[in-house]
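**Student:** I have a structure here, written as C-alpha cells, and I will follow up with some questions on it.
Rule-based calculations on the coordinates, nothing more; no lab input. This one's a predicted model, so the numbers in the text were calculated from it and none came from an experiment. Heads up, the Cβs are rebuilt from the backbone with ideal geometry, glycines too, and the neighbour counts pull from every protein chain shown.
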Amino acid sequence: MFHLNVRHLLPQQQVSSLTNIFNPEMGWTHWIILFLFVSVCECWLQPDSDPQMHGEVKSPQYPQPYPPNLQEQWDLSVAEGYQIQLTFTHMDIEASAGCHYDALTVLYEGKVLGKFCGSEHSADGHHPGNQSILSPGNRLTLIFQTDNNNPERHQNVGFSAQYQAIDLDECSSPAPEDGSGPVCDQICLNTLGSYLCSCHHGYELRSDQRSCMLSCGGGIFDEPEGHLSSPGYPNSPPHAVSCQYVIAVESGFTVSLSFSDNFQIESVDTEQGLNCLHHWLQLTIPDREPIKLCGSKSPGLIATNSNTVKLEYHTDDQGLSNGWSLDYSTHRVQCPVPDNVAKGRVTPILSEYFYRDHIFVRCDLGYKLMMDGQEIESFSTTCQNNGQWHLPLPECHIIDCGEPEPLLNGGVIFLSGFQNQYLSVVQYHCNEPFYSLFGGVNVIFTCEADRNWRSNNDVVVSPTCLPVCGQPTKHLSSYQRIIGGDDAPDDTIPWQVLLNIDGGRGGGMVIADRWIMTAAHVVKDAEGTASPNAVQVYMGHTIVETLMGSPVKAASVHPHPDYNPEIYNNDIALIKLQDPITFNPSIMPICLPAEDATYVTGVMGLVSGFGLTRENNRTLSTNKLKYVHIPVVDQGVCSTSINSLKQTRANIPSLTNNMFCAGVPEGGKDSCQGDSGGPYALNDNGRFWAAGVVSWGVDCGKKGMYGVYTRVTNYLDWINKVMQEN
C-alpha cells in the first residue's frame, strides 16, 4: 500500500520566469516545451486512493534523456508494519565525483540512505549496482536533481526503479535507543504487516499491549482436563508471586492431579520434616484440611475425590523456587455396587458403577417388583453425582393368583403351596353325592406366572359341578301301592314335587336345578295356561303340611304347544323356577331318558305322588307321599282294554304313540287324581329315569284297566330346546 507524491522543484530563476508568462525575452518555442513538461509532471501529483503494494518510479522523459535544471521528489509510503524495497532496473545519470552535478538521493525521514549517479560501467559517480535499498520503515523519499551544464545532455536517460512492500519483522528489530525496552516484554510474534506480543504462563499483557505483568489469580478451569504450571516454570519467577487457581468441573466428576517430576518449591528442613515456611503450593478441597506442598519431591498423582480443588501458590522475593507443573484429569463419581436382590437379578452386572450409569432390576419368574408396599411394573435407578443411587433397590415378592374361582355346589382344596402363591396347586371337588365334576375327572389348577389358575386338563378350562340324577341316598325296601299303598320314606324319591295351581293339586318331578316336568293338563285348562304367580311348587319333604311351609316360586310355565286336552295327546309341560335349587338328600333330580331308552313290557316302574288314596274302601286325599311299583303294559293290551271300555262309556280318549300304559290286570295298583304330572320312573342299573308323566286313566285301580302315561322319550328334543331357550 504505497502513497506516491511527486513534486517538481525548479530553480528560483525558473520559477520567477514562470510567474511572468509573457516575458518577451522567452521565445514561444521554449514556452511551449516548458508548458508541456509541467503538464506531464503535474499528472503524477495525484496520489492513489489506496497505497499500492508495488510500483515503478522513472525519471522524467525516461527512456529519453532527462531535461536540465530539474529537481523532482517522490514520497513513497506503505501501510504500517511494512518496509519499502527499492530496486533499480536501470541508471544512467551524469557521472561526477561525489555526484556533485546530477544525482538521485534516497532518504528515510531526512536521513540519506544513498546518493547515486553515473552508469553501470562509468569510472566516476556512485552506481547502486544490483543492490536493493530497504527502508527502515514504511516511508521512502527520492529526490532527482540536475544542473544546467550537461555536456552529454542528449546521452543520459536518467533512471528506472521498481519498489514493493516487504513485511517488517518487528520482533527482530533492535531495542529503541530511547531506552523504552524491546518491542515485546516477553514473547514477540511477527505477523504480516504487524506483530503481536504475548506473555508467559502466569502473566498477562498490560494495556500497552507489549509489556507483561503477573496475573495468576482468580482463574477457573472447568474443562474435563487441562494443564497448569507456576509463573515462569521451569524457571523461578523474577518477583514474588501469589497465585490462585480453581479447578471446578461438572458435578458428578472428580479431579485427579498429576504433578510432573520437575517439582521444586523452597522448603525449610526441621526436625519434624519439611516446613513450607516462605514458599508453598496449598491445595484446598472442600470439607477437608488444606494441604501445603513444598520441597523437591513431586507429589505425583493426587486423587481429590472432589469436583472442586483450589491451588494457591505463594513465594516471596527471597529464596528460589523453580515451581511446578501438573496435568489434571476428571473421572466420573463412583456408586457402590448394588446388593443382590432375592428372587431377582440386577443388570448389567459390572465390577464398578459410575455417575450416569443405569441399572435395572428384574424378578425371577413368578415374582413381582415391590417398592414401598406397592407393586411396580419396572424398575431402574441412576448413579447420581453424589455417588448414590437415586432410588433404593426394590424387592421381589412371590406373585399370587388370588382366591381360586368358587365352584358352585363344590369346593376347592390346596394340594401344595401357600396363600394362592405362584405354583400353588389346588383341586376342585363337587358336593357329593349330589353333584359330580363335568367329565368325571379330578381337575387340578396351578397358579401360573401370569397370575391365572391353569388347569392340568386342556378340556376343562373351568370346572363345573353337574347334578347327580336318579340316585337317591336311600332306597325303597319293599313294593307298595299308591292306591292302598304305603308312605314313601324320606329321601327315597327326592325328585317328587307337589304342585298347587289355583287350589288344585298336581304332581311333578325335578329334572334340573331350575326345571320341573309335569303334565300339560295340570298347568293348562280351557281358560288357558296358568300364570307363574298362580303356581306354587313344593319339594323336599314327604308330609304335605311340612311342604306347604316353604313354596318355591315359578318364573315361567311352558305346556307343550301341541297339547290336545280332548285326547290328552302331548300331555307334558315344563315349569321354570325363579331361583336355582341346591340339591341335597331330600331334593335331587330324576334323569331324563337316554336317546336309545326303551319301554320293555313287564319291567317294573315306580309311580309316586300326593294324589288320592283308598283306605277302608274310602278314597281320601293323602297327607303323605305315596308310591307303588307297577309294570309296563304291552301297548296292544292297553289299547284293547281302552277300546272295550269305549263300547260302554263315552268320551274315552284313544291311546296314541305318545302314551304308554302301566299297571296290573287285577287292579288295585295305580296312580289316581292328584298324582297327575307325577313321575313314572324306571331303574337302569341303579339310576332312575323319567319314563313317563302321569296323564290319565279310568277309575283308579280298576280291574282290567291301566293308568296312561306320557311317553317322555318322544319329547327329549322339545325338553332340551325349551330349557336352552329359557
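**Student:** Can you list the HN-Hα couplings for the range 380-392, worked out from phi with the Karplus curve (6.51, -1.76, 1.60; θ = phi - 60°), rounded to whole Hz and with x for Gly and Pro?
**Tutor:** Once rounded to whole Hz, the list reads 8, 9, 10, 6, 8, 6, 8, x, 10, 6, 6, 9, x.
**Student:** Can you pull out the GluC sites (Glu not before Pro) in the range 87-134 whose DSSP state is coil and whose Cβ has at most 15 other Cβ atoms within 10 Å? Don't jump to the answer; show the numbers that get you there.
**Tutor:** Values: sites: 94, 109, 120; in loops: 94, 109, 120.
Here the GluC sites (Glu not before Pro) that fit, given the DSSP loop and packing criteria, are 109, 120.
**Student:** Among residues other than residue 585 whose Cβ falls under 13 Å from its Cβ, what is the net charge (Lys/Arg +1, Asp/Glu -1)? All intermediate terms of the calculation are to be shown ahead of the outcome.
**Tutor:** Details: positive: 474; negative: 432, 490, 491.
Overall, the nearby charge balance is -2.
**Student:** Each residue of the range 90-96 in turn: what ³J(HN,Hα) in whole Hz from Karplus with 6.51, -1.76, 1.60 and θ = phi - 60°, glycine and Pro shown as x?
**Tutor:** The phi angles translate into 6, 9, 8, 10, 3, 7, 7 Hz.
**Student:** Could you tell me what % of all Cα pairs in the range 180-246 have separations over 20 Å?
**Tutor:** Details: 840 of 2211 pairs.
More than 20 Å apart: 38 percent of the Cα pairs in the range 180-246.
**Student:** Follow-up question, since we're still on this one. Testing the spin-label approximation: label points 7 Å from Cα along Cα→Cβ at residue 702 and residue 421. State their distance in nm.
**Tutor:** The modelled label-to-label distance comes out at 7.9 nm.
**Student:** Run the simple label-point estimate for residue 598 and residue 534 please: 7 Å along Cα→C-beta, distance reported in nm.
**Tutor:** So the label points at residue 598 and residue 534 sit 4.3 nm apart.
**Student:** Grab the beta carbon distance between residue 384 and residue 291, set R0 = 30 Å, and tell me the FRET efficiency rounded to 0.05. Walk me through the intermediate numbers first.
**Tutor:** Details: r = 28 Å, r/R0 = 0.92.
The value I calculate is 0.65.
**Student:** Hey, another quick one. Of 553/702; 626/703; 626/646; 474/624, which pairs sit farther than 25 Å apart, going by alpha carbon to alpha carbon?
**Tutor:** Details: 553/702 36 Å; 626/703 20 Å; 626/646 30 Å; 474/624 17 Å.
Where the Cα-Cα span goes over 25 Å, the pairs concerned are 553/702; 626/646.
**Student:** Normalised by the residues of the range 486-725, what does the relative contact order come to in percent, with Cα pairs under 8 Å and at least six apart?
**Tutor:** Working: 574 pairs, mean separation 52.5, N = 240.
Worked out over the range 486-725, it gives 22 percent.
**Student:** Arrange the following residues from fewest to most other Cβ atoms within 10 Å of their Cβ: 502, 596.
**Tutor:** Numbers: 502 11, 596 6.
Fewest-to-most Cβ neighbours within 10 Å comes out as 596, 502.
**Student:** Could you work out the relative contact order of the chain, using alpha carbon pairs under 8 angstrom and six or more residues apart, expressed as a whole percent? Can you show the working numbers first?
**Tutor:** Working: 1747 pairs, mean separation 50.5, N = 726.
Rounded, it is 7 percent for the chain.
**Student:** Here is a follow-up. I'd like the FRET efficiency for residue 89 and residue 308, computed as 1/(1 + (r/R0)^6) with the beta carbon distance as r and R0 of 51 Å, rounded to 0.05. Could the numbers behind the result be given before it?
**Tutor:** Values: r = 70 Å, r/R0 = 1.36.
So the FRET efficiency works out to roughly 0.15.
**Student:** Shape of the range 207-291 from its Cα gyration tensor (a ≥ b ≥ c, root eigenvalues): rounded if a/c is under 1.5, otherwise prolate when a/b > b/c, or oblate?
**Tutor:** On the way: a/c = 1.92, a/b = 1.03, b/c = 1.87.
Oblate shape, in that a/c is at least 1.5 and b/c is the bigger or equal ratio.
**Student:** How long, wide and thick is the range 410-467, going by the Cα atoms along their three principal axes, in whole angstroms, largest first?
**Tutor:** Principal-axis extents of the range 410-467 (Cα, largest first): 33, 21, 13 Å.
**Student:** In degrees from 0 to 90, rounded to the nearest 10, what is the angle of the helix 716-725 Cα long axis to the longest principal axis of the chain?
**Tutor:** With rounding to tens, the tilt is 40 degrees.
**Student:** Let me ask something else. Could you grab the relative contact order for the range 239-351? Cα pairs under 8 Å, six or more apart, rounded to a whole percent.
**Tutor:** Values: 234 pairs, mean separation 43.6, N = 113.
Relative contact order here is 39 percent.
**Student:** Given H placed 1.01 Å from N in the peptide plane, which residues other than close sequence neighbours of residue 435 have an amide H under 5 Å from its amide H?
**Tutor:** HN-HN under 5 Å from residue 435: 468.
**Student:** Taking the 0 to 90 degree range and rounding to the nearest ten, how far is the long axis of helix 28-42 tilted relative to the main principal axis of the chain, both from C-alpha atoms?
**Tutor:** Between the helix axis and the principal axis of the chain, the angle is about 40 degrees.
**Student:** In addition: To the nearest 20 debye, what charge dipole does the range 417-569 have about its Cα centre, counting +1 at the Cβ of each Lys and Arg and -1 at the Cβ of each Asp and Glu?
**Tutor:** Values: 8 positive and 15 negative charges, 53 e Å.
Charge dipole of the range 417-569: 260 debye, to the nearest 20.
**Student:** Under 24 Å Cα to Cα from residue 368, which lysines show up? Leave out anything in the same chain fewer than 8 places away.
**Tutor:** Partners within reach: 343.
**Student:** Between [x] 34.5; [y] 79.5; [z] 44.4, which entry matches mean projected area of the Cα convex hull in nm² as derived from the coordinates of this structure?
**Tutor:** Recomputing mean projected area of the Cα convex hull in nm² here gives the entry labelled [y].
**Student:** On to the next question. Using +1 at the C-beta of Lys and Arg and -1 at the C-beta of Asp and Glu, which of 396, 74, 128 has the Cα lying farthest in the positive direction of the dipole of the chain?
**Tutor:** Among 396, 74, 128, the one farthest towards the positive end of the dipole of the chain is 396.
**Student:** Pull up all non-local amide H partners of residue 267: gap of 5 or more, or a different chain, and H-to-H distance under 5 Å with H placed in the peptide plane.
**Tutor:** Result for residue 267 returns 295.
**Student:** Now a separate question. Mind checking the full-extension length gain between residue 227 and residue 329? Use 0.36 nm per residue of separation minus the Cα-Cα distance, one decimal, nm. Walk me through the numbers on the way to the answer.
**Tutor:** On the way: separation 102, 0.36 × 102 = 36.72 nm, distance 0.90 nm.
Length gained, residue 227 through residue 329: 35.8 nm.
**Student:** Let me ask something else. Calculate the FRET efficiency for residue 56 and residue 147 from the Cβ-Cβ distance with a Förster distance of 30 Å, rounded to the nearest 0.05.
**Tutor:** Values: r = 26 Å, r/R0 = 0.86.
For residue 56 and residue 147, the calculated efficiency is 0.70.
**Student:** Specify which residue in the list 681, 417, 641 is farthest towards the positive end of the charge dipole of the chain, using unit charges on the beta carbon of Lys, Arg (+1) and Asp, Glu (-1), about the Cα centre.
**Tutor:** Positive-end residue among those listed: 641.
**Student:** Given Cβ point charges of +1 (Lys, Arg) and -1 (Asp, Glu) and nothing else, what value in debye, to the nearest 20, does the dipole of the chain about its Cα centre take? Walk me through the intermediate numbers first.
**Tutor:** Details: 39 positive and 77 negative charges, 1141 e Å.
Charge dipole, the chain, about its Cα centre: 5480 debye, nearest 20.
**Student:** Right, next: What is the sum of charges, Lys and Arg at +1 and Asp and Glu at -1, for the other residues whose Cβ falls under 15 Å from the Cβ of residue 97?
**Tutor:** The answer is -3.
**Student:** Roughly how many nanometres apart are two label points built 7 Å out from the Cα toward the Cβ at residue 206 and residue 112?
**Tutor:** 4.1
**Student:** Oh, and also: Among residues other than residue 688 whose Cβ falls under 14 Å from its Cβ, what is the net charge (Lys/Arg +1, Asp/Glu -1)?
**Tutor:** Working: positive: 474, 687; negative: 491, 684.
So the surrounding residues net to 0.
**Student:** While we're looking at this one, here's another question. Would you mind checking which residues have amide H under 5 Å from residue 186's amide H? H placed 1.01 Å from N; only 5 or more apart, or other chain.
**Tutor:** 198
**Student:** Now a separate question. Okay, helix-only estimate at 222 nm for the chain: each DSSP H run of n ≥ 4 adds -39500 (n - 2.57), divide by all residues, round to 500 deg cm²/dmol; what do you get?
**Tutor:** So the calculated ellipticity at 222 nm is -2000 deg cm²/dmol.
**Student:** Residue by residue through the range 641-658, what is 3J(HN,Hα) from phi via Karplus (6.51 cos²θ - 1.76 cosθ + 1.60, θ = phi - 60°)? Round to whole Hz and write x for glycine and proline.
**Tutor:** Calculated HN-Hα couplings, in order: 5, 5, 5, 5, 6, 4, 6, 10, 9, 8, 6, 8, x, 8, 7, 10, 5, 8 Hz.
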